[in-house]
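Single-structure report; data block below.
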Amino acid sequence: MFMRFFLIGFMGSGKSYWGKIWGDAYGLDWYDLDTEIEKSEGKTIETIFSEEGELAFRKKERKLLKQFLNRDQFILSCGGGTPCFFDNMSFMNRHGVVVYLKSTASELAERLRHEKDTRPLLKGISDDQLEFFIDQKLKERSADYQKATYHLPTKFLTNENFERIIRRHQ
Ligand code: S3P
């Protein structure tokens, strides 16, 4: 029996936060794709971006994502860009259940304001431009994010939202 859940959504939408909580609550192993990449490379995401560039990072991300085919029961918190490169989104839809944590640009800007320096894509963006930048990126990415089976608005998210999904796949 497969129970593979992929959490997708923009940076700062709470994919890792909720993935860990739901994994604990519903007895599923929880993984974070960025952490898996860092462990496998022995470098931070920031260092991979700055030393090797985004394309090299995306290739590593795709490789690590595909290795999850060897596992049957888990929640994987993806990176914000994971669904938008190569065939990653169709891979996730084919082999598991994709859940999109959906936030507005203003919620995300509020959360990401203090984390800009550790996120390669947000480096150098001023506070004034942050919400606009996020809004643009969300628009670019929404066609991919929309392909998720479930869309959960993050504003009032609780365990029950995920419980309803997991019950349908048990
Ligand atoms: C990225 C999001 C990050 C990380 C990398 C690129 C993106 O993951 O994979 O910095 O393209 O949105 P989080 O969404 O976990 O921050």
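Cβ separations smaller than 6 Å between residues 6+ apart or across chains give the following pairs from the stretch 148-170 residues that are over 23 Å from Met11 (Cβ atoms) to residues that are β-branched (Val, Ile, Thr) and crowded, with 17+ Cβ neighbours inside 10 Å: His169/Val97. Do we find that Gly81 is within 12 Å of the ligand (Cβ to nearest atom) and under 22 Å from Leu152 (Cα atoms) in this structure? Considered against the rule, which asks whether it is within 12 Å of the ligand (Cβ to nearest atom) and under 22 Å from Leu152 (Cα atoms), Gly81 comes out as yes. The numbered conditions (1) surrounded by 13 or more Cβ atoms within 10 Å (Cβ to Cβ); (2) at pLDDT below 95 are all true for His151 except (2).
For the stretch 63-77, the criterion of being near the ligand (Cβ under 10 Å from one of its atoms) and within 26 Å of Ile166 (Cβ to Cβ) is satisfied by at least one residue.
So for the stretch 61-78 (the condition being part of a helix (DSSP H, G or I), hydrophobic (A, V, I, L, M, F, W, C) and open to solvent by 30 Å² or more (accessible area, probe 1.4 Å)), does at least one residue qualify? Checked against the condition, which is being part of a helix (DSSP H, G or I), hydrophobic (A, V, I, L, M, F, W, C) and open to solvent by 30 Å² or more (accessible area, probe 1.4 Å), the stretch 61-78 yields at least one hit.
Does Ser50 satisfy the criteria of being open to solvent by 40 Å² or more (accessible area, probe 1.4 Å), near the ligand (Cβ under 9 Å from one of its atoms) and touching a residue at least 40 places away in the same chain (Cβ under 8 Å)? Before the answer, list the steps.
Numbers: open to solvent by 40 Å² or more (accessible area, probe 1.4 Å): yes; near the ligand (Cβ under 9 Å from one of its atoms): no; touching a residue at least 40 places away in the same chain (Cβ under 8 Å): yes.
No: the conditions fail for Ser50.
The values are calculated or read from the model by the stated rules, or taken from the named source; none is laboratory data. Being a predicted model, the structure only gives us computed values, none of them experimental. Here the Cβ is made from the backbone with ideal geometry for all residues, glycine too, and neighbour counts use every protein chain on show. Surface accessibility is based on the protein's heavy atoms, side chains included, excluding ligands, DNA and RNA. Shrake-Rupley method; radii C 1.70, N 1.55, O 1.52, S 1.80 Å.
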